[in-house]
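Working notes for the structure below.
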Amino acid sequence: MALKSKVLVVGGTGYLGKRIVKASLAQGHPTYVLQRPEIGLDIDKLQMLMSFKELGAHLIEASFSNHRSLVDAMKQVDVVICAISGVHFRSHNILYQLKLIDAIKEAGNVKRFLPSEFGMDPARMGHALEPGRVTFDEKMTVRKAILGASIPFTYVSANCFAGYFVGNLSQMERLTPPMEKVTIYGDGNVKAIFLNEDDIAAYTVKTIDDPRTLNKTVYLRPPENILTQRELVGIWEKLIGKQLEKTTISSQDFLASMKGMDYATQVGIGHFYHIFYEGCLANFEIGEGEEEASKLYPEINYTRVDEYLKRFL
Ligand code: NDP
Ligand code: GNU
């Protein structure tokens with residue numbers, strides 16, 4: 001068995017990042033986590049980093065504002081997985097990755113870089129609505145820099161995080177399932193794809209030493225989690241033993257609701273539109289030069305949506 005690659009997780013105390021750290025350790029990789037001096041007095045982040053050390057991970061101090069420190073960090077590992085945050089109130093965190101790419105290029109030893117993608121495939125979102133399109137434009141800027149620096153990569157298109165789309169039956173502005181009423185997008189019969197974040201992390205780590213995923217986009221499409229919103233609601237109704245009152249909203253009315261909303265909400269409305277009206281996650285075949293994770297790694301017993309929803313009972 002070839003030696004397991006040494007993995008550096010950037011964004012390792014984040015919502016997805018912490019799961020990637022755990023998956024990397026669970027899959028037997030020597031695991032390193034970036035420790036940013038900027039976290040300062042964020043005691044939760046610091047204590048999470050310490051807990052990773054107790055689990056066997058190593059911390060590497062480096063700052064995005066110190067190129068030398070990033071190069072020294074990259075020199076210590078074989079694979080870099082970045083899970084830096086996406087759109088948050090006009091932040092441009094995704095573009096911080098350009099500094100990572102400069103450091104990876106100078107270090108010269110990194111054999112796989114996984115940038116912070118983990119959603120809709122930005123290469124298929126050229127038509128995306130403003131302002132939510134910024135998420136995809138920034139991710140494409142990062143991809144361009146990766147190609148320009150000839151850095152070996154894997155892009156993980158993770159579809160819908162269960163935490164943001166399953167727990168709430170894909171209702172916006174909430175994370176828990178409704179018990180009385182639910183809003184259905186259009187006819188509610190558009191297929192979406194839902195992933196428990198722990199499974200996203202497990203699939204992601206599976207790809208890093210796999211020659212089949214080198215310089216490829218890997219889509220996560222676990223078959224039983226490819227569901228329409230009506231199917232998702234039906235699973236919850238079965239669990240609670242009652243029907244919810246359903247109100248449908250047309251795409252016109254849904255998009256009109258953007259008016260006057262704050263930036264982050266407008267971003268969300270755009271994303272939801274592409275997912276639940278357009279069906280952008282499942283309206284294409286996975287073709288040449290692309291892979292699907294549940295086929296590559298059938299050994300991953302992914303969490304089904306009904307299992308995930310049981311926590312809310
Ligand atoms: P988080 O909001 O949890 O942030 C992740 C990490 O980003 C933080 O822990 C921090 O790293 C790092 N970070 C934040 N701000 C800065 C900064 N100014 N400088 C340096 N590092 C910074 O991210 P998520 O886990 O929510 O998102 C990760 C990825 O997943 C994104 O690409 C996002 O688009 C995608 N996503 C997809 C969803 C889906 O449904 N498909 C849902 C949510 C996210 P540190 O640990 O070092 O402090
Ligand atoms: C989802 C959100 C949930 C937003 C992606 C507003 C990038 C992707 C599926 O921006 O931050 O209520 O692909 O009221 O490529 C937001 C992000 C989710 C949408 C998470 C996302 C999905 C980002 C909301 C809300 C639950």
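Values quoted throughout were computed directly from the atomic coordinates according to the rules given, and no laboratory measurement underlies them. Since the model is a prediction, treat every value here as computed from it, not as a measurement. Because the Cβ atoms are built from the backbone with ideal geometry, glycine has one as well, and the counts that use them run over all protein chains shown.
Condition first: within 18 Å of the chain's Cα centre (by Cα) and either without any contact (Cβ under 8 Å) to a residue 60 or more places away in the chain or surrounded by fewer than 18 Cβ atoms within 10 Å (Cβ to Cβ) (or both). Can you find one or more residues in region 37-49 that meet it?
No, region 37-49 has no match at all.
Collect the residues in region 96-155 that are crowded, with 20+ Cβ neighbours inside 10 Å, more than 27 Å from GLY268 (Cα to Cα) and of a type in the set (Gly, Ala, Ser), keeping them in residue-number order.
ALA103
Scan THR303, THR247 and give me the residue that is in contact with a helix residue (DSSP H, G or I) (Cβ under 7 Å, 6 or more places away or on another chain), polar (S, T, N, Q) and more than 16 Å from ligand 2 (Cβ to nearest atom).
None of the others qualify; the one that does is THR303.
Return the total of residues in region 124-140 being among the charged types (D, E, K, R) and without any contact (Cβ under 8 Å) to a residue 24 or more places away in the chain.
1
Could you go through region 62-69 and let me know if any residue there is exposed (fewer than 14 other Cβ atoms within 10 Å of the Cβ) and in a helix (DSSP H, G or I).
There is at least one residue in region 62-69 that is exposed (fewer than 14 other Cβ atoms within 10 Å of the Cβ) and in a helix (DSSP H, G or I).
Scan (1) of a type outside the set (D, E, K, R); (2) within 19 Å of SER5 (Cβ to Cβ); (3) touching a residue at least 60 places away in the same chain (Cβ under 8 Å); (4) within 11 Å of ligand 1 (Cβ to nearest atom) for the single condition ALA73 breaks and write down its number.
Just one mismatch for ALA73, condition (4).
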